[in-house]
Amino acid sequence: MDQHLLSIVLLTPLAGLAVLLFIPGKSKDLIRWWANLAAFAGFLVSLLLVSRFQTGTPGFQFEERVDWIPSLGAHYHIGMDGISLLLVMLTTLMGFVAILGSWNAVQDRSKEYYAMFLLLQTGMIGVFISLDFFLFYIFWELVLVPMYFIIGVWGGPRKLYAAIKFFLYTLAGSVLMLLGILTLYFQHYAQFHFYTFEISELIKTSLPLGLQQWVFWAFFVGFAIKVPMFPFHTWLPDAHVEAPTAGSVILAAVLLKMGTYGFLRFSLPLLPQASMDKTIVQVLAILSIVGIIYGALVCLMQQDWKKLVAYSSVSHLGFCTLGIFSMNPNGIAGSVIQQVNHGISTGMLFMVIGIIYERRHTRAIAEYGGLAHVMPKFAVIFAIAMLSSAGLPLLNGFIGEFTILQGAFEANRIWAAFAVTGVILGAAYLLWLYQRTMLGQVTNGKNLTIPDMSLREIATFVPLIAWAVWIGIYPKPYFDILQRPVAEIVERVRPGYFAGGRLAVTQPQPPTPNPQPPFSQPTLSGGDR
Amino acid sequence: MNQYYTLADHFSILPAVMLALFGCAILLFDAGIPFVGPIFPDPRQRKWLLIFVAIAEIFVGYGLATQQMWLTSNAAELTGFGGSVTVDGFGIFFNWIFLVAALVVAVVSYKYLEIAGEHHGEYYGLILLAQCGMYFLATGTDLVTLFIGLELMALCFYVMVGFLRTDKRSNEAAMKYLLLGAFSTGFLAYGFSLMYGISGSTKLADIADAITRRPAWDPVVFLALTTTAVGLLFKISAAPFHMWAPDAYEGAPTTVTAYLSVASKAASIAFLLRMFLGPLKDARVMWEPLLIAVALLTLTVGNLAAINQTNIKRLLAYSSISHAGYMLLGLIAGNDTGIKGVAVYVMVYTFMNLGAFLVVVAMRRQGIIGEDLDDFAGLAHRHPTYAYLMLIFLLSLAGIPPTAGFLGKYYIFLALIQTQHYALAVVATLYVAVAIYYYFKIVHSMFIREETEKAPLASSFGLQLALGVTAVLTLAIGIYPEPFLNLANNSTSLLR
């Protein structure tokens, strides 16, 4: 079983889906129970990954490799490193939480609903563990269809517009990315005379810088739309606002990470010279910073609770991409941590909105006020979610943003200076939102009778809050997990980085195991060092 | 010259002979055997004619398989009648596609024709005779053979498109198709005559030699090239010669539309490849810019015009126009990958497009035309199986993995990149995103809108079987394409 552990994690949701199809659509309870069970099982098996994962081992673990389409050179090749591990854990946990959170929200066509979610789970996990570009692309596209249905069938009033916009945007990006992949694939063939889509082989291709830049931009379009980076973000507010709660949760928590993950796994290692190209780094960093500030400013103007959180994603993801293009260990590790953080905190925020929307069926901020008096439990949980998103020390968001800013500072002080304003604005719009909705006197009579959160609803938040606090207080295990893969990426794009004596590492060769993390960790993270 | 035909001659046309014999036999059975009368006077019994179709196709399949074995063991082309017919891997590959298409269409037709009240035996005969014409389109290497093959196929289709005699739309479609078809055939014949004038021979190999000896941009060659191209592009419904397609597709009985969109297009593509990679190979400098323009126009017209369609058959007609554009791109790339790409594309297109039309066939019920976008509203509530099958076919048509359609597009894009047609590749990929918009109009109608029509679907055993087969193949080619790719490998014999 150990050799196939990763396949089992990948296929558990699919197996759940296969059984689900045979449950008659009328027995709604059975469907709900089964879907939750399948998602929970998916989470449990993924826990095994954590226990078997060997921190600090170079390369990929749990690798499986089978020839799939020999004439194309496509393989069923999966494996994971620290980055994948964190994102897969995020996926399985958020998937379970999202499905649990839909218990009452979805009554109509529930069988199809849960089927779509389970399919989505497999697609997302697949994206994070594929080591073959063809396989990756298939999972990447596989995610689109269930998400289209989740938004399109169970979404809000403008669901059609939002669903097709989401689909078209991402598809347009990914087909252009496909051209980039094919260029790389063909260049590899021209040099080595065999076709392969394996990352480990493609990485050996030496491309002239000009071509690398073209391929980089092709990848960029695919990944940047998914993230979404600043000029490509317009699909996101629509999709988020119209999607059902669980759809928004998954969309924000996991789907957006596919883009950032793509940069880390493919753009940087496969196209190292282009990634370090001055213009490209400048453009991407500026787009990230614009995203951070623009997203935050737009948040300040929002009248709609959910739209506000949606735009906050643009801002937070700006931090993630800024971290990546700082091109140093702090930036990249911080970016991955921040991706997880954003998944946790924005996921929670969307669930908070889902809970209030189920009760009042409106998301206009003006409709609320003083809810803390009526719903004390809700107020506490919303406060935690909000503070974790705003980056309060001792909660997860702080660690990520801090490390990213450290990395950005190292790369370019001006970037860091601008990005910091995003943190301030982030606290502003979130606290203001909290104030307008929760504090003060109850201004709207309709809000007086809202029931507080039920036990099941609280249960969906417990694992997320626990995770947020853990990362906030003791992030060392996460940095340990990330240290190796991040060092490999940095060494790939900036050969000799660790030899420059800038940081603690003295060994010039990346594969040499090193007990010390090659970069300093945020010192506020606890007294463990 | 051979005075006596050899065994190889007969062997090279064996499948076509079978098709012609059985096709004529069905016509005779239906018209009445002397002194006995029609053997199936009752229209409801005419579905038993399917047995003849099935037997014919078994013989054809057997013929193709033995030809393939002969090719593998002798490692040479099988030519017949002094080079008029050349059976190679390419021709056999396409003939398998025709066989599947004909069989599927025949099997699903009886219920549809009964509902339409036009169940006549000659329908099955025409299917076989059209397939006989296609055989020569895929294997012919002589202008006369090819021309006769084309006309045989086209004439059968003219009749079949107008098969609903009492339906105005069907009549109009047949008339349009006939007039425009005849017009384009005129162009083709003109081009052929010029080629004969250049070379003094009707054999493709001789023409190729003659054209090679001509200087580049020779006006006569150019004239021959353009006129031939017009005739051929008309047949594959490439813009600007696509006008007949939406009308013919809409008016024809849906089963015929399926056959027309798949088999006729595949045969014409085979013909096109034979001409452009055969005699016109050395005129590439002349036809490449021409075809690039046509392909871009075809993609644009097909994809943009499809957006506003509310009739599913018209929508699929425009979509099939855009697919012709993708096939042309494979030819423009013109390398091994490109030709293999066209072969793979035609194969997957056959299954997915047949499948999509079969769902439309099932929508035709007593008193309900079932071709409108509104007729599909809420299909997922009442008939989820059909809705999900349609979803698979539409995803495949759009080229979303892991369906077969992705593989077809994959090869086309790869070939374009290999031959450094980057700009073309970008345009072609962006049209994928446009295409998803109109395909998902159908998906939206099926899955998201409320149902309006409660009448049960007109399903029959044949239809279910055919739908199952096409859907399984559409998914199988997408998920495990290896055996199918090996099959398509044979088709690159054309380049050697």
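What's the Cα-based Rg to Rh of region A:247-315, Rh via Kirkwood?
Over the Cα atoms of region A:247-315, Rg/Rh equals 1.08.
Looking at A:443, A:153, A:270, which one has the Cα that reaches farthest to the positive end of the dipole of the protein assembly as shown (charges on Cβ: Lys, Arg +1; Asp, Glu -1)?
A:443
Roughly how many whole Å is it from the C-alpha centroid of region B:213-256 to that of region A:182-234?
37 Å
Highest mean first, how do A:269-276, A:286-293 rank when packing is the count of other Cβ atoms within 10 Å averaged over residues?
With the highest mean Cβ count within 10 Å placed first, the list reads A:286-293, A:269-276.
At most 13 other C-beta atoms within 10 Å and a DSSP loop state: those are the exposed chymotrypsin sites (Phe, Trp or Tyr not before Pro) I care about. Give me the longest piece of chain B that has none.
No qualifying site falls inside B:218-496, the longest such stretch.
Let me check the size of chain B from its C-alpha atoms; what are the radius of gyration and Dmax in Å?
21.6, 70
How big is the gap, in Å, between the Cα center of region A:371-400 and the Cα center of region B:63-120?
Region A:371-400 and region B:63-120 have Cα centres separated by 69 Å.
Could you tell me which of the pairs B:313/B:340; A:226/A:257; B:203/B:281 are separated by over 18 angstrom between their Cα atoms in the structure shown?
B:313/B:340
At a threshold of 8 angstrom on Cα-Cα distance, excluding pairs fewer than six apart, so keeping six or more, what relative contact order does region A:48-205 reach in percent?
Value for region A:48-205: 22 percent.
For the residues A:148, A:169, what sequence is obtained by ranking on other C-beta atoms within 10 Å, fewest first?
A:169, A:148
Between residue B:388 and residue B:6, what is the label-point separation in nm under the 7 Å Cα-to-beta-carbon projection?
So the two model labels end up 5.6 nm from each other.
How much mean residue ellipticity at 222 nm does chain B get from its helices, if each DSSP H run of length 4 or more adds -39500 (n - 2.57) and you divide by all residues, to the nearest 500 deg cm²/dmol?
Only helices count here, giving -24500 deg cm²/dmol.
Inside 10 Å of the C-beta atoms of A:169-177, what's the mean count of C-beta atoms belonging to other chains?
5
Please report the spacing between the Cα centers of region A:419-469 and region B:46-60 in Å, no decimals.
70 Å
Please give the charge dipole size of the protein assembly as shown, origin at the Cα centre, charges +1 on K and R Cβ atoms and -1 on D and E Cβ atoms. Round to the nearest 20 debye.
Computed charge dipole of the protein assembly as shown: roughly 1760 debye.
To the nearest 20 debye, what is the magnitude of the charge dipole of region B:323-398 about its Cα centre, counting +1 on the Cβ of each Lys and Arg and -1 on the Cβ of each Asp and Glu?
That gives a dipole near 180 debye.
Run the numbers for residue A:282 and residue A:383: contour at 0.36 nm per residue of separation, minus the present Cα-Cα distance, in nm.
32.7 nm
Output the peptides A:361-371, A:476-486 sorted from most to least packed, where packing is the average of other Cβ atoms within 10 Å over each peptide's residues.
A:476-486, A:361-371
Considering Cα pairs under 8 angstrom that are at least six residues apart, work out the relative contact order of chain B and quote it in whole percent.
15 percent
What per residue convex hull volume, in Å³, comes out for region A:352-488 when only alpha-carbon positions are used?
Expressed per residue, the convex hull around the Cα atoms of region A:352-488 is 125 Å³.
One-quarter of the Cα convex hull surface for the protein assembly as shown, in nm²?
Taking the Cα atoms of the protein assembly as shown, their convex hull projects to 43.7 nm² on average.
Can you list the residues of region A:136-160 with backbone N under 19 Å from a point 7 Å past the Cα of residue B:422, pointing along Cα to Cβ?
Within reach of a label on residue B:422: no residues.
Order these peptides, A:189-195, A:336-342, by their mean beta-carbon neighbour count within 10 angstrom, highest first.
A:336-342, A:189-195
Over all Cα pairs of chain A, how is the pair count split among 20 Å bins, expressed in % and running from 0 up to the last occupied bin?
Reading upward from the zero bin: 24, 59, 17, 1.
Please work out the FRET efficiency for the pair residue B:44 and residue B:285, using the Cβ-Cβ distance as r and a Förster radius of 45 Å; give the result to the nearest 0.05.
So, using R0 = 45 Å, E works out to roughly 0.15.
In debye to the nearest 20, how big a dipole does chain B give about its Cα centre with +1 on each Lys and Arg Cβ and -1 on each Asp and Glu Cβ?
Its charge dipole is roughly 400 debye.
Mind checking which of B:60, B:131, B:433 is farthest towards the positive end of region B:7-495's charge dipole, using Cβ charges of +1 (Lys, Arg) and -1 (Asp, Glu) about the Cα centre?
Positive-most Cα among the choices belongs to B:433.
Taking each residue of B:429-441 in turn, how many C-beta atoms of other protein chains fall within 10 Å of its C-beta, and what is the average?
Mean partner-chain Cβ count within 10 Å for B:429-441: 4.
With a Förster radius of 35 Å, plug the Cβ-Cβ distance of residue A:443 and residue A:358 into 1/(1 + (r/R0)^6) and report the FRET value to the nearest 0.05.
The formula returns an efficiency of 0.95 here.
Report the calculated FRET efficiency for residue B:201 and residue B:472 (r = Cβ-Cβ distance, R0 = 30 Å), to the nearest 0.05.
That pair, residue B:201 with residue B:472, gives E of 0.05.
Once phi is turned into ³J(HN,Hα) by the Karplus curve 6.51 cos²θ - 1.76 cosθ + 1.60 with θ = phi - 60°, what whole-Hz value does each residue of region B:45-61 show in order, with x for glycine and proline?
8, 5, 5, 5, 4, 4, 4, 5, 4, 4, 4, 4, 5, 5, 4, 4, x
List the lysines whose Cα sits under 28 Å from the Cα of residue A:446, skipping any in the same chain fewer than 8 residues away.
Straight-distance partners of residue A:446: A:159, A:306, A:307, A:377.
Within 10 Å of each Cβ of B:391-397, how many other protein chain Cβ atoms are there on average?
1
For region B:244-370, just say rounded, prolate or oblate: build the C-alpha gyration tensor, square-root its eigenvalues into a ≥ b ≥ c, call rounded for a/c under 1.5, and beyond that prolate if a/b exceeds b/c, oblate if not.
prolate
Name the residue farthest towards the positive end of the dipole of region B:353-473 from the options B:444, B:393, B:406, assuming +1 on Cβ of Lys and Arg, -1 on Cβ of Asp and Glu, about the Cα centre.
B:406
Straight-line reach from residue A:111: which aspartates and glutamates have Cα under 15 Å away, leaving out those fewer than 8 places along the same chain?
By straight Cα distance, residue A:111 reaches A:29.
No value in this document is a laboratory result; all are computed from the given coordinates. Computed from a prediction, not measured in an experiment: that's the story for all the values here. Quick reminder, even Gly has a Cβ in these numbers, built from the backbone with ideal geometry, and neighbours come from all protein chains shown.
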